[in-house]
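Take a look at the structure below.
The values are calculated or read from the model by the stated rules, or taken from the named source; none is laboratory data. If you're wondering where the values come from, they're calculated on a predicted model, not measured in any experiment. Neighbour counts run over all protein chains shown; Cβ positions are idealised from the backbone, glycine included. All accessible areas refer to the heavy atoms of the entire protein, side chains included, with ligands and DNA or RNA removed. Shrake-Rupley method; radii C 1.70, N 1.55, O 1.52, S 1.80 Å.
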Amino acid sequence: MKKLLLLASISLGVVVSAQETKTEAPVKDTVKAWSIQGQNTLMLNQAAFSNWVGGGANNVGWLAGVNYNLTYEKGKDLWENIIILGYGQNNTQGTGVRKTQDVINLSTNYGREFAKHWYYSAGASLQTQFAPGYEDGNNPDAKKISNFFAPGYLNLGVGVTYRPNDNLTVTLRPANARWTFVLDKDLQKAGTYGLKNDGDSSLFQFGFLGTAMYKIKIMENINLTNTASVFSNYLDHPDRLVLAYGAVLNMKINKYISSNITLDLLYDHNQIWKTQLKQTLGVGFAYNIDNGVKRSKNKNNQDWLKK
């Protein structure tokens, strides 16, 4: 009888233990591999005058844009995609409609980590504009100097990427192919954007490309994003560098209203032998998207992007 009770107790213990094991659910990884962070903006400006001795012209303007960062992080894999689109116009009495902003900037970069914060990487980027540009302040009666894919720049390259946190990314590509496209036949003349002959629609270059992005939180709701790039063409005058710098100062007023100041500097001898400068200021509506938590270890570096 004692043996029978002992056997029954052991059997019951095994059953209970098995049931407890079945009820324990495995720990799930709740951190998403994909994260989407972006901003949609619509900036407005207006001025009106009536019998104003100081003078002035009635005008109204707008600027719309999107800026998205889609990132995939899992294990040793890092894949970042950036979409920047912007277009704006201003209508001034007596002058008419003029373009104030025009940009298409798309890029993608895939990396495989080989050391802490270092990745073997390969990527591509595309830059162009939406509408024609004219020599005299975008006056359509003046000489046309640019258009959609005139110029357009396509970069394809391989190298390494350094990314210690979400606020700093540096990519060095010692092997980078760069195509300049001029698809507007009116602009296909020798010397325009580096074209060798009349009628050419593209220019091929091969060299070194370095890019960097650095984000700074100046204070609560005031953030500065810096971008920079340098390109050297191995095939022809490698000392003639193509240099670019951009800064976006975002001052968030509340969840839906913000103010943006942008600054762009560019030096490209194939365009003009002078430093180009563009600056914009706008106040308007902005809607931020923050979907997904990045796997980066330094989570505190993302606070400035939170709503």
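Considering each residue of region 125-135 in turn, at least one proves to be at pLDDT below 95 and of a type in the set (D, E, K, R). Screening the candidates LEU263, LEU277, LEU241 for the property of being more than 22 Å from ASN165 (Cα to Cα) and at pLDDT 95 or above yields one hit, LEU241.
Here is a yes/no grid of residues against (1) out of contact with any helix residue (DSSP H, G or I) (no Cβ under 7 Å at 6 or more places or on another chain); (2) open to solvent by less than 50 Å² (accessible area, probe 1.4 Å):
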{"site": "ALA131", "(1), (2)": "yes, yes"}
{"site": "TYR153", "(1), (2)": "yes, yes"}
{"site": "LEU183", "(1), (2)": "yes, no"}
{"site": "LEU203", "(1), (2)": "no, yes"}
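If the condition is being open to solvent by 30 Å² or more (accessible area, probe 1.4 Å) and either of a type in the set (Asp, Glu) or under 21 Å from MET213 (Cβ atoms) (or both), then region 60-73 contributes VAL66, ASN67, TYR68, LEU70, TYR72.
Just one of the listed residues (PHE208, PHE231) is assigned to a strand (DSSP E or B) and open to solvent by 40 Å² or more (accessible area, probe 1.4 Å), and it is PHE208.
Only one of the numbered conditions (1) modelled with pLDDT under 90; (2) open to solvent by 60 Å² or more (accessible area, probe 1.4 Å); (3) among the aliphatic types (A, V, I, L, M) is not met by ILE218, and that is (1).
Among residues of region 273-287 that are over 10 Å from ILE261 (Cβ atoms), those with a Cβ under 6 angstrom from a residue that is in a strand (DSSP E or B) and β-branched (Val, Ile, Thr), sequence gap 6+ or separate chain, pair up as ALA286/THR41. Residue count for region 38-59 under the criterion of being open to solvent by 30 Å² or more (accessible area, probe 1.4 Å) and closer than 19 Å to TYR256 by Cα: the result is 5.
Conditions tested, residue by residue: (1) open to solvent by 40 Å² or more (accessible area, probe 1.4 Å); (2) farther than 22 Å from THR180 by Cβ.
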residue: ASN91; (1), (2): yes, yes
residue: GLY96; (1), (2): no, yes
residue: ASN105; (1), (2): yes, no
residue: THR108; (1), (2): yes, no
residue: ARG112; (1), (2): yes, yes
residue: SER121; (1), (2): no, yes
residue: SER125; (1), (2): no, no
residue: GLU135; (1), (2): yes, no
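Against the conditions (1) at pLDDT 95 or above; (2) open to solvent by 40 Å² or more (accessible area, probe 1.4 Å), PRO140 satisfies every one except (1). Of everything in region 246-285 that is in contact with a helix residue (DSSP H, G or I) (Cβ under 9 Å, 6 or more places away or on another chain) and part of a loop (DSSP other than H, G, I, E, B), the residue that is surrounded by the fewest Cβ atoms within 10 Å (Cβ to Cβ) is HIS269.
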